[in-house]
Amino acid sequence: MTVTYLGVRHHSPACARLVARTIAELRPAHVLVEGPADLNGRLDELLLGHELPVAVFSHYRDAERAATSWTPLCDYSPEWIALTHGRAAGADVRFIDLPAWHPAFEGRANRYADAEARYADATARLCRRFGVDSVDALWDRMVEADPDAADLTARLDAYFDVVRGDTEADAPDRAREEYMASWVRAARAATGDRPILVVTGGFHRPAIRRLAERPPAPGPAAGGGAVPGDRAAPAEAPASAAGAAPTDGPAPALGPVAAQRLADGEPAPPADGPVPGERPTPATAPVPAQRPADGGRHAWPEVPAAPEDALAGSFLVPYSFRQLDAFAGYESGMPSPAYHQWLWEDDREAAGDRLVRSVVGRLRERGHPVSTASLVAARTSALALAALRGHPGPTRLDLLDGLAGALVTEALDEPLPWTRRGPLRPGTHPAVVAMVAACGGERVGRLHPDTPVPPLVHDVTTRLAALGLDTGEPVTIRLTEPSGLERSRVLHRLRVLGVPGHERVSGPSHGTDPVVEERWEPRRPAGREAALIEAGSFGASLDEAAVVALGDRATAAGSDCGRLAEVLFDTVACGATELTGDLVARLRSGLAAAARPGPLGTALATALGLWRHDRVYGVARDPLLGGVVDTAVSRVLWLVEGAGGATAPAGPDRERLGALAAVRDAYLHAGALLTVPRGAAVDVFRRVSRDPLAPPDLRGAAFGLCRVLAPEHPPAGHGTRAPRAGRPAPGTEDAAVAVRDVGEPRALGDWLAGLFAVAREELGATSAEPGPLVAALDDLVTAMTETDFLVALPSLRDAFAYFPPAEREQIAARLIARRGLRGSSRALLRTTADPMLIARARELEDHVSRTLDRFGLGAAR
Amino acid sequence: MTTLPAQEQRLQRPPAEVRHAEELAALRAADTDPRPPGWQLSLRAARRFVIGDQEAGIGRKFVGDTALVERALVTLATNRGLMLVGEPGTAKSLLSELIAAAVSGDSTLVVQGGAATTEDHIKYSWNYALLVSEGPSERSLVPAPMLKGMAEGRLVRFEEITRCPLEVQDSLLSLLSERVVAVPELEGPRGMVFARQGFNVIATANTRDRGVNEMSAALKRRFNFETVFPITDLDTEIALVEAEATALLRRSGVTLAPDRDVLEVLVTTFRELRSGAAHEGGGDRLSAVMSTAEAVSVAHAVGVRGWFLRAEPGDAADVVTCLAGTAAKDSPEDLARLRRYLEQRVAGRRGAQWKALHAARHLLAG
């Protein structure tokens, strides 16, 4: 009953070789591998004959939490070697770690990340002790430089013992170790005296060994306790320690007789390979717990099952070296997969040659000169560095350091990327980028055609074929035709799921864009298969998956109106408005927390426009949009009342005024949608228009909105006459009064801008007779001092920009008439020079005359 | 710390081979590894001298990537020139001094580059009195560092090489490729000085001044470039600033050690202004040099202010006062950025010293 615990580093070729050697020497009965135990029934799926790298993609989604993670496997993964060589040697191979959806993996996307990276203290100490900069350099020196060293196991154990040392693992790691140890104990109980091989991350090895060798806890099921580990695991309840409640209680512990029989070395019960009762592709159902096939007689640990109301599943996806290389920080593993692949296929010398050849090829391809002399220098440096560092020959870092020294002849903006962990930073020297890329490689895995895929893949394939979209030809779609709309929606849904294949090159860019044609062009389908399988985590059908993906985006967007508006547009483009209830709630809660009225107004205007006028997407009068309009209006009202900043008029805030104009339209055209009654809104605006602390543009707009929304209740308290032909429209007189109260010249223009932004037509500024407002303004401007006028000028210009030229001309005509002058009103609007230049000239003149005045030299003015 | 002979204790800054004489002697005595020709130490011993070795009692003298030091030593051992480039204050000159002390046992063969550097400062000139009385002879020849280094087989340091005029830089070309200097005034075999084994050049250049782009491609080709970066690790940088500032303060007659929390605030401020990134995200990068060396000098000034003005260690208010002179040397934009940093970024930080720093923000002049 010997158990060999092999602590490895994931994705290490040296460790993979060690695993292969150990299996060949040991001929174990059981090979237990760190990997998702819920896959034990589906190991054959892994061994169908894929081209590696592939990964087990796992997803989980419940009311609170959504998570996805990968378990990547490549040719030189020790776990892969354990799996394949173990099978070939006739051993029972099992994964023994918790399923990926388990809370112990929360926040981790890469199961095979270096666990020790989370406990950096010990590795930092080791690096200092050995005088190296990074764990990778240390690892190269200790392990990869000499993979056939006789004492490799001892070195690995020593390394991981030091790394683990006195470190207290965190709760998730402890839960996993406890669980893995329970499998080891079960294997011991099941095997008799045949050897067992346990292949796990080296960081976990000391703990698993300690836990598995622990004498059994005293209890009725201990069966006399003569043999350590004769009691099967579930009674020690690792699953409950890990915080997951198995769907049914722990499997019954072995009775004393059975335990004794096992301890006496009787043959192990049959392995529980593929379980007959298990559903094959559980994409939409919770992963079923792996139940003992023989009615609970033998006692492998319970595989915790996902909660009933959760959606969890695992599928194989093609993986790539680029993805393998891209993890950083806590998620990182061994870098440079291509180099390590070469190291696995060949020896160190050959791998080094391939590395140099690949780097040089890449650089020359990109026109970066690489002379023979530099190559000689690089080679010399690499050899010398290897000697200095005590390597038997140049390793990856020696080669890279040598190449960098010889090929980079200028100052670097960023440190060499292999001296520290993390992704490539922008500004990294191009030659260095080429070196890293050459080590990373571009290999992409391929799944065997018989590999089960999630239902979404079938759904998408059938629908694309039915709509004729699987031809790889560019597609032009008229959105006004029903079939066109259908095709467009399918393509948009694939787009929001992030599945490559088609790219939209033209089409409407927002809800009210008058374009009705879309063009989609086929793109290189790299990664399409993997993306589709991964999108399967969102749902079983394209419609469902798209809605869930949009919902996630809405949640991620928070209260960022720009991103929410994009989600809204995508929802409309996907035709997902009638499919969803949850999405509405998320969009609305995001909008309800928006901090600035401006962007909110843009979203509101778009939603309102679509709700009122849409003929293309079929979303006019859509309740989703109605809800968005309502939420946005309420929020704008809320924000408007809290806005401050009267003391610093900085010109009108056009975005905010746009939001108020959108609110006006909502009340005028979609009043039935809104939960805040019109009267309450008018009260808000009345308060704002009288609030001396509100910004002037907002006050002006609020005044205008009161006029528009409640013409019978003038905000300034004056009585109004009913509109009659030939009379100024109601409110202009009040406006004339109100404008006199605005106060300082700087605020005047802003106030007017607000007013004109929301109530230009209503004020009757275009009627033929000189209105009281124009008259009041004329008086105000005439009464201004030169300085005041110059201060007020920019914002006044801004305010009148709300009028189209024809209306401005009418106003000018009335002004001329009021002054009793004759002349062309058009000429008044045209200047020969830049108005701002004129203003500056007048400022200068003003300055000169004031200077003259000061010295008593002023001419009579 | 090595005890120095009485005379050298009065020196402001003795060279590295004197400061660390005992360590060098110990390393030399214990050195069994093969030495490159002309070297005083093997590569491994030289590396241990620079990056330290706790077990052998060798202190760490250069805080930076070990791989950088290794590459630098290998470059020198493979007879290519070594060019150390980087921002000011990243300890390039210190590294070149240490390497020269380790490799040649002598770090004093230095050419200081500058606008006024001429070929005479690099190769040789004459003692004109002797030249007139005796004619050109070895006695009247005044060798410059390069000639000396070649004749004696030692490392020569060329500081701030890019500050020299291009034609002066180019006088190194033949010297580095042919490894010989012709002295046409002397006759016979004495007219050619061949480089002995052990000769090589360590140049330093500063990316802020005139960049290395100004160098001719021919000269660039004769050097291996190593970029020295600011220290990446906060704790390492704090420890370094603490050690250096404490030593400087002791030399200035201040007996109080700097406050660790104040130093942490100071170093963090320097790092964030240097990289333009704060952990809240976003920020501005100062155009002034915010190097570790500057942080040390600010820490020194802070300590001196605190001690001589109030007889206590410097506090956050001193940091603000001294920052103005370092961070915003002559640029109003930098001063504005510094003010915005103190106003906005520091405002939300926890910790007494951060709060004190925020409270003292009005001390920023201007």
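Between A:Glu64 and B:Thr32, the FRET efficiency estimated from the beta carbon spacing at R0 = 56 angstrom works out to 0.30.
B:Thr246 sits among other residues whose Cβ lies under 12 Å from its own Cβ, and their net charge, with Lys and Arg +1 and Asp and Glu -1, is 0. The mean number of Cβ atoms from other chains found within 10 Å of a Cβ in peptide B:241-254 is 0, as a whole number.
Per-residue Cβ counts within 10 Å, from other chains only, averaged over A:772-784: what number is that?
Values: counts 0, 0, 0, 0, 0, 0, 0, 0, 0, 0, 0, 0, 0.
Per residue, the number of nearby Cβ atoms from other chains is 0 on average.
Panel order for A:Thr191, A:Thr571, by other beta carbons found within 10 Å of each beta carbon, from fewest to most: A:Thr191, A:Thr571.
How big is the charge dipole of segment B:234-363 about its Cα centre, in debye rounded to the nearest 20, if each Lys and Arg gets +1 on its Cβ and each Asp and Glu gets -1 on its Cβ?
On the way: 17 positive and 18 negative charges, 45 e Å.
Here the size comes out at about 220 debye.
Using +1 at the C-beta of Lys and Arg and -1 at the C-beta of Asp and Glu, which of A:Gly562, A:Ala806, A:Cys74 has the Cα lying farthest in the positive direction of the dipole of the protein assembly as shown? The residue sitting most towards the positive pole is A:Ala806. For A:His502, the residues whose amide H sits under 5 Å from its own are A:Arg523, ignoring neighbours fewer than 5 places away on the same chain, with H placed 1.01 Å from N. Taking label positions 7 Å along the Cα-Cβ direction at both B:Ala359 and A:Ala806, the computed distance is 6.8 nm, reported to one decimal.
Using 0.36 nm per residue of separation minus the Cα-Cα distance, give me the extension gain between A:Arg819 and A:Ala24 in nm, one decimal. Don't jump to the answer; show the numbers that get you there.
Details: separation 795, 0.36 × 795 = 286.20 nm, distance 10.79 nm.
Difference between extended and current length: 275.4 nm.
Charge tally around A:Leu698: other residues with Cβ under 14 Å, Lys/Arg +1 each, Asp/Glu -1 each, net +2.
Taking every alpha-carbon pair under 8 Å whose residues sit at least 6 apart, chain B reaches a relative contact order of 14 percent. Sequence-ordered 3J(HN,Hα) estimates for segment A:553-561 from the Karplus curve with 6.51, -1.76 and 1.60 and θ = phi - 60° stand at 5, 4, 5, 5, 5, x, 9, 7, 5 Hz, glycine and proline given as x.
Determine the sum of side-chain charges near B:Ala72: Lys and Arg each +1, Asp and Glu each -1, restricted to other residues whose C-beta is under 11 angstrom from that of B:Ala72. Before the final figure, lay out each step's value.
Working: positive: B:Arg47, B:Arg71, B:Arg80, B:Lys92; negative: A:Asp401, B:Asp65, B:Glu70, B:Glu226.
Cβ neighbours under 11 Å give a net charge of 0.
Mean shadow of segment B:73-216, computed from the convex hull of its alpha carbons, in nm²? Numbers along the way, then the final one.
On the way: hull surface 35.3 nm².
Its average projected convex-hull area is 8.8 nm².
Within the same chain, lysines fewer than 8 places from B:Lys123 are excluded, and of the rest, those with a Cα less than 23 Å from its Cα are B:Lys148, B:Lys220.
Counting Cβ atoms of other protein chains within 10 Å of each Cβ in B:215-225 and taking the mean gives 3.
Projecting the Cα atoms of A:Leu385, A:Gly35, A:Pro623 onto the charge dipole of the protein assembly as shown, computed from C-beta unit charges around the Cα centre, puts A:Pro623 farthest toward the positive end.
The packing ranking, built from the mean of other Cβ atoms within 10 Å per residue, places the peptides B:316-323, A:457-464, A:673-680, A:394-401 in the order A:394-401, B:316-323, A:457-464, A:673-680, highest first. Projecting label points 7 angstrom from Cα along Cα→Cβ for B:Ala25 and A:Glu345 puts them 5.8 nm apart. From most to least packed by mean Cβ count within 10 Å, the peptides B:160-167, A:122-129, A:595-602 give A:595-602, B:160-167, A:122-129. Using the charge dipole of the protein assembly as shown (Lys, Arg: +1 at Cβ; Asp, Glu: -1 at Cβ; taken about the Cα centre), state which of A:Val516, A:Ala431, B:Asn79 has its Cα farthest towards the positive end. Value computed over the given set: A:Val516.
Annotation note: trypsin sites (Lys or Arg not before Pro) in segment B:7-112 located in DSSP loop regions with a Cβ neighbour count of at most 12 within 10 Å are B:Arg10. When each of A:His669, A:His340 is scored by the number of other beta-carbon atoms lying within 10 Å, the sequence from fewest to most is A:His669, A:His340.
Please give the charge dipole size of chain B, origin at the Cα centre, charges +1 on K and R Cβ atoms and -1 on D and E Cβ atoms. Round to the nearest 20 debye. Walk me through the numbers on the way to the answer.
Numbers: 44 positive and 47 negative charges, 53 e Å.
It comes to approximately 260 debye.
Taking amide H positions as modeled 1.01 Å from N, with prolines and chain starts lacking one, the residues under 5 Å from B:Val111 and 5 or more places away or on another chain are B:Arg157, B:Phe158, B:Glu159.
Converting phi to 3J(HN,Hα) with the Karplus coefficients 6.51, -1.76 and 1.60 and the offset θ = phi - 60°, segment B:332-337 yields x, 5, 4, 4, 5, 5 Hz in sequence order, with x at every glycine or proline. With R₀ fixed at 60 Å, the C-beta to C-beta distance from A:Glu414 to A:Thr782 puts the FRET efficiency at about 0.40. By the count of other C-beta atoms within 10 Å, a proxy for reagent exposure, A:Thr851, B:Thr268 are ordered fewest to most as A:Thr851, B:Thr268.
Here segment A:335-440 was treated as a single set of alpha-carbon atoms; its pair distances binned every 5 Å from 0 give 2, 13, 24, 26, 22, 11, 2, 0 percent.
Cα centroid separation, segment A:783-799 to segment A:464-503: 56 Å.
Judged by the mean number of other Cβ atoms found within 10 Å, the most tightly packed of the peptides A:475-482, A:11-18 leads the ranking A:11-18, A:475-482.
Put a dot 7 Å past each Cα toward the Cβ at B:Leu166 and A:Thr461; how far apart are the dots in nm? My value for the distance between the label points is 6.5 nm.
Put a plus charge on the Cβ of each Lys and Arg, a minus charge on the Cβ of each Asp and Glu, and nothing anywhere else: the dipole of segment B:67-228 about its Cα centre is then about 400 debye. With a Förster radius of 51 Å, plug the Cβ-Cβ distance of A:Glu213 and A:Arg446 into 1/(1 + (r/R0)^6) and report the FRET value to the nearest 0.05. Rounded to the nearest 0.05, the efficiency is 0.75.
No lab work stands behind these numbers, since they all come straight from the coordinates. The model shown is predicted, which means the values in this text are computed figures rather than measured ones. Glycine gets a Cβ as well: all are built from the backbone with ideal geometry, and neighbour counts include every protein chain shown.
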